[in-house]
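Here's the structure we're looking at; comments come further down.
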Amino acid sequence: MPLGRPVCFTTMIERALGVDLGREVAASEPEEAHAAALVRETITPAVHYLRFGFTPAQIQSFAVADEVALVARHPRYEARTVLPPEVGDELLGDLRGTTKPLPIG
């Protein structure tokens, strides 16, 4: 899609995103409170609150994947962005519960 061209979505983009692990995609799902507010059929909100419910097998796939990417697979928009290795490492630490919190202040 050329830069500068507006993308007009209807609805359901919040369920069309995922983390591509190579052989499978960990799908997005809107947070419960956000999902309850998705009541307009022709307009999507400007901000989406999403979760990705990784299974233990998907976490293992994440760990051994050659590359991990964020993907959008919507009938009106498709995109793929490969995560840099250092970002993937941090996310994998979050998924495994091993990331150390950063000090604030």
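Bear in mind these aren't lab numbers, they're just calculated from the coordinates by the rules spelled out. Given the structure is predicted, the values throughout are model-derived calculations rather than measurements. Because the Cβ atoms are built from the backbone with ideal geometry, glycine has one as well, and the counts that use them run over all protein chains shown.
Between beta-carbons, use under 14 Å as the cut-off and find the net charge around Ala69, counting Lys and Arg +1, Asp and Glu -1. All intermediate terms of the calculation are to be shown ahead of the outcome.
Working: positive: Arg23, Arg73, Arg80; negative: Asp20, Glu24, Asp66, Glu67, Glu78.
Taking every other residue near Ala69 into account, the sum is -2.
Hey, can you rank 82-88, 66-72 by average C-beta count inside 10 Å, highest first?
Working: 82-88: 12.7, 66-72: 15.0.
The most tightly packed comes first, giving 66-72, 82-88.
The H on the amide N of Thr99, modeled in the peptide plane, is under 5 Å from the matching H of Asp94, each at least 5 residues off or on a different chain.
For Leu50, the amide hydrogen comes within under 5 Å of the amide hydrogens of Glu31, counting only partners 5 or more places away or on other chains and with H modelled in the peptide plane.
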